[in-house]
Amino acid sequence: MTRPQPLLEVDGLSVGYGIVPVIEEITLQVGRGEAVALLGANGAGKSTLLKAVSGLLVPGAGSIRFDGRDLSRLRAEALVTLGLSHVAEGRRIFRRETVLDNLLLGLYRLRLARAETAARVEEALAMFPALRQKADQLAGSLSGGQQQMLAIAQALVRKPRLLMLDEPSLGLAPNLVEEVFRTLAAVRAQGVSILLVEQVVERALEFADHAYLLQSGRLSGDGPAATLRGSEQVRRAYLGAAAAHAPS
Amino acid sequence: MLLEDLLALLATGVTMGAIYAMVAVSFNVAYKPTNVFNMAQGELVMLGAMFAWGLMTQSALPWLVGAALALAAVAAIGLFEERVAVAALLRKPSHHHGWIISTLAFSIIVLNVADHVYGTDPQPVPPVPGATLDTLQWGALTFSTQQVAVVLIAVASIALVEWVYRRTLVGKAVRAVAEDRDAARLNGISPARLTMTSFAIAAAYAALTGVVAAPLLLASTSIGLTLLVKGFMALAIGGVGSNWGALAAGILLGCVESLGSVSLTPDYRQVLLLAVVLLVLLVRPFGLFGRPGLREV
Ligand SMILES: Nc1ncnc2c1ncn2[C@@H]1O[C@H](COP(=O)(O)OP(=O)(O)O)[C@@H](O)[C@H]1O
Ligand SMILES: [Mg+2]
């Protein structure tokens, strides 16, 4: 099965917080309109990879290209104008601002005309009816699921070409996890490329076209999501070091 | 004490308090997106006063023109300070409060240069247009219209600052940076740009404080340090980040100081003010209107 033309190309990427790299020599692609899952145990370096792509961390080596353009010299805050949006781990919405203001802040950089701003906000609220009812409430007062929806909506108002999500279902009840995936399916149906980091492995593989496995900072494999489902390879990547020591 | 004397002292206290509050608010504006207390804020007030003297008294420019030029010049100096003394430190996550040293160093340089240029003699600055330094009698109350102008300008400017933070998107963007810097960046909000803007505005606001306070205090290079300390006290009592709190705290400090002048020497007045600060912080560690910071370390 051939993959679509790449939108995001990560090549030989090494990133760390100090001098010691946390992820090393990572090479992966996300195609146009493709949904890619990035899987791996806790501490494997998934969030670090996303932070490097979105410019929060500066790579030690390697390159990151988006739509053929080199991102390594760009600041994180400039990337949203290129069409790249990163929904960070842990529902990092602005808790002291209202739901509506969170959406407006999501559009801050784009400097859209008033009418276009209103249309984008309206579209987001139409997609998440629960948020419409609470538009004027502080985001900090929302339930966990609603906060996650707001975090996604805040990225979607920008109409990104690539949406990166870091464990959007973390800490949510099963029915809310389903709601997150339904939302992502709708986003994908609009042709948006998705790079998804998830702990709910089976659900993520069911959703994605392609998946990469990250183990202790290195890629340990990749393949079509359908072939990886239920495979031993995934199980090992997920259990990480624990599996290596466990008697079988 | 006669009622007239008491009221005159309170009028002075409220006026001085409004000035202290403005210094505290200028701290808050620069602090918001950075968690940095700009230790040069007092000397920026001083520069505003000295520039006002140079432009309005020496060069005899109209008040509005002189004030606008003074604010613009000090804003540029504040921006320059941010570039040389703050920006590089904020880029490193491990800066460990190095800004205390760097902004203090900047402050000392500004003071030394100002001493060199202006000498140490206090200089007169004209009052705000429409106001005078003549005392008016209103019942038992004596005051000047310049005092009234200072208090009105403090209240109006604090209302404006609050309005910007609460009602404009750029103000909310600054709050967003203060709440979660990385999340703000992922939404396309540039902390670096808002920090530059905030430092320039904080500096201009300090200059405004100097311009309106100078007719009452006289412009001299020694006013910066005193105002820095009093502004900081108002900030601590009012609660860091709370601009209305700073106004209440400034007025409290100004009145305590003014009433204390009846029976205390200037040195003891300082001790009295410190006692007030400590007392408030003992009861409310984050100030009267402050709240524990949500910042991560
Ligand atoms: N801010 C940080 N400073 C230093 N080390 C970090 C930081 N964040 C994560 N790490 C380390 O980097 C490694 C990978 O973390 P992370 O990318 O968050 O993993 P994942 O998202 O896959 O759970 C971990 O060993 C973690 O301890
Ligand atoms: Mg993570």
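The values are calculated or read from the model by the stated rules, or taken from the named source; none is laboratory data. Predicted, not measured: the structure shown is a model, and the values here were computed from it. No Cβ is skipped: glycine too gets one built from the backbone with ideal geometry, and neighbour counts run over all protein chains shown. We work out accessible area using only protein heavy atoms, side chains counted, and drop any ligands, DNA or RNA first. Shrake-Rupley method; radii C 1.70, N 1.55, O 1.52, S 1.80 Å.
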Electrostatic dipole magnitude of chain A [Cβ: Lys, Arg +1; Asp, Glu -1; Cα centre; debye, to 20]: 500 debye
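Counting DSSP beta bridges in the protein assembly as shown, what percent are antiparallel, to the nearest 5? Mind dumping the intermediate values first?
On the way: 26 of 44 bridges.
The answer is about 60 percent antiparallel.
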Going toward the positive end of the dipole of chain A, with +1 on Lys and Arg Cβ and -1 on Asp and Glu Cβ, which of A:Leu84, A:Leu156, A:Gln137 do you reach last? A:Gln137
Name the shape class, rounded, prolate or oblate, that the alpha-carbon gyration tensor gives for the range B:3-283, where a ≥ b ≥ c are the square roots of its eigenvalues, rounded holds for a/c under 1.5, and otherwise prolate holds if a/b is larger than b/c and oblate otherwise. prolate
With unit charges on the beta carbon (Lys/Arg positive, Asp/Glu negative), name the residue among B:Ala159, B:Phe289, B:Ser261 whose Cα is farthest towards the positive pole of the charge dipole of the range B:154-297. B:Ala159
Would you please put B:263-271, B:184-192, B:200-208 in order of how densely packed they are, using the mean number of other Cβ atoms within 10 angstrom per residue and starting with the highest? B:200-208, B:184-192, B:263-271
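Around B:Glu82, what is the net charge, scoring Lys/Arg as +1 and Asp/Glu as -1 over all other residues with Cβ under 15 Å from its Cβ?
Numbers: positive: B:Lys32, B:Arg83, B:Arg91, B:Arg193; negative: B:Glu43, B:Glu81.
Taking every Cβ under 15 Å from that of B:Glu82, the sum is +2.
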Could you tell me how many degrees, from 0 to 90 and to the nearest 10, lie between the Cα long axis of helix A:114-127 and the main elongation axis, the longest principal axis, of the Cα atoms of chain A? 60 degrees
Grab the other residues whose beta carbon is less than 14 angstrom from that of A:Glu167, score K and R as +1, D and E as -1, and report the net. +2
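Assign one of three labels to the range B:202-275, namely rounded, prolate or oblate, based on the Cα gyration tensor with a ≥ b ≥ c the square roots of its eigenvalues; rounded applies when a/c is under 1.5, prolate when it is not and a/b is larger than b/c, and oblate otherwise.
Details: a/c = 1.99, a/b = 1.16, b/c = 1.71.
Because a/c hits 1.5 or more and a/b fails to exceed b/c, the range B:202-275 counts as oblate.
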Only Lys, Arg, Asp and Glu count, each charged at its Cβ (+1, +1, -1, -1), so figure out the dipole size of the range B:33-146 about its Cα centre, rounded to 20 debye. 400 debye
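Residue by residue through A:77-89, how many Cβ atoms from other chains fall within 10 Å of the Cβ on average?
Values: counts 10, 3, 3, 5, 1, 0, 0, 1, 3, 5, 2, 6, 0.
That works out to 3 on average.
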Given the options A:Ala211, A:Ala135, A:Ala124, state which has the largest fluctuation in a GNM of chain A using a 10 Å cut-off (strictly under) for Cα springs. A:Ala135
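If you place +1 on the Cβ of every Lys and Arg and -1 on the Cβ of every Asp and Glu, how big does the dipole about the Cα centre of the protein assembly as shown come out, in debye to the nearest 20? Walk me through the intermediate numbers first.
Values: 44 positive and 40 negative charges, 208 e Å.
The dipole magnitude comes to about 1000 debye.
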If the reach is capped at under 29 angstrom between alpha carbons, list the lysines near B:Lys32, excluding any in the same chain fewer than eight residues apart. A:Lys51, A:Lys134, B:Lys92, B:Lys172, B:Lys230
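Please give the average number of partner chain Cβ atoms lying within 10 Å of the Cβ of each residue in B:150-158, rounded to a whole number.
Numbers: counts 0, 0, 0, 0, 0, 0, 0, 0, 0.
Counting Cβ atoms of other protein chains within 10 Å of each residue's Cβ and averaging gives 0.
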Note to self, the protein assembly as shown gives a 222 nm [θ] from helices alone (DSSP H runs n ≥ 4, -39500 (n - 2.57) apiece, / all residues, nearest 500) of -17000 deg cm²/dmol
Inter-chain Cβ neighbour average for residues B:174-184, partner chain, 10 Å: 5
In whole angstrom, how far apart do the alpha carbon centroids of the range B:109-141 and the range B:153-224 sit? 24 Å
So what's the gap between the Cα centers of the range A:117-174 and the range A:184-225, to the nearest angstrom? 21 Å
Can you pull the one-decimal nm distance between simple spin-label points at A:Ala189 and A:Ala78, each 7 Å off the Cα toward Cβ? 3.7 nm
Could you tell me how many degrees, from 0 to 90 and to the nearest 10, lie between the Cα long axis of helix A:174-189 and the main elongation axis, the longest principal axis, of the Cα atoms of chain A? 80 degrees
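Tally up the carbon and sulfur contribution to the accessible surface of chain A as a whole percent, 1.4 Å probe, everything protein left in place.
Numbers: 5660 of 10980 Å².
Its accessible area is 52 percent carbon and sulfur atoms.
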